[in-house]
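Bear in mind these aren't lab numbers, they're just calculated from the coordinates by the rules spelled out. Because the structure is a prediction, the values reported are computed rather than measured. Virtual Cβ from ideal backbone geometry, glycine too; neighbours counted across all protein chains shown.
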Amino acid sequence: MSGATHLHTTRAAYDAIAAEYAGHFAGELAAKPMARAILGVFAEVVRGAVIDVGCGPGRVTAYLHGLGVAVSGVDLSPEMVALARREHPGLRFEEGTMTALGAADGSLGGVVAWYSVIHTPREELPAVLAEFHRALAPGGHLLLAFQVGEEPWHLGEIFGRTIALDFYRWTPERLAGLLAGVGFAVEARLLREPDAEERTPHAHLLARKTTAGTAP
């Protein structure tokens, strides 16, 4: 799938399900102690401005803000951004893509991609990680959340709506290798088993930007 096609189908899918998605996941973090734990670690170590990339309705953005992080949200879906702005009027949310963050080189203290790189085709992910690296200051932190696996998964219907959405799963080891290849050092890995509503294990990687990066 080309980059343009992937962005178009992902935007269309999340625009179509924005309200249902926001309602379904509204209280998710309250039931995910390990997710809250890694977000808490990120909040302690990060310094400077943070972008929550693929922020959706803003639940993680708001949670980090509550921990004292200077965070804003970016999402591909205009409907998601509109929901986030209504739900969290004191925070900043913008439309944008993870392929071009719109941040100056080395201007960010942190980037969070909370289950948002999961729709990026495998061959395009190194370029996305390199964009995160470019925008981060030396020593800046990246937090990734993703489903664990080897094979992609296609979703054609959710919340009673017909969509077309591809999910790309990763093993922590393989994704850590991609991060190392563009100039990140992984500092922590969290792997947990799926809960009753999940299909696969889930993982979180906390990585730090080294001073040197390489082109993808």
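Express as a percent, rounded to the nearest 5, the fraction of DSSP beta bridges in the chain (both residues included) that run antiparallel.
Counting only bridges with both partners in the chain, antiparallel ones make up about 55 percent.
Bin all alpha-carbon pair distances of the chain at 10 Å intervals from 0 and give each bin's fraction as a whole percent.
All Cα pairs considered, the percentages come to 8, 36, 41, 14, 0.
Projecting each Cα onto the charge dipole of the chain (Lys/Arg +1, Asp/Glu -1 at the beta carbon, about the Cα centre), which of Ala12, Leu190, Ile163 comes out farthest on the positive side?
Positive-most Cα among the choices belongs to Leu190.
So for region 24-81, considering every pair of alpha-carbon atoms, how many percent are separated by more than 18 Å?
Cα-Cα pairs in region 24-81 separated by more than 18 Å: 32 percent.
Cut-off 10 angstrom, C-alpha nodes, Gaussian network model of the chain. Which of Ala135, Ala35, Ala188 fluctuates the most?
Residue with maximal mean-square fluctuation among Ala135, Ala35, Ala188: Ala188.
Using Cα pairs closer than 8 Å and at least 6 residues apart in sequence, work out the relative contact order for the chain, in percent.
Contact order relative to length: 19 percent.
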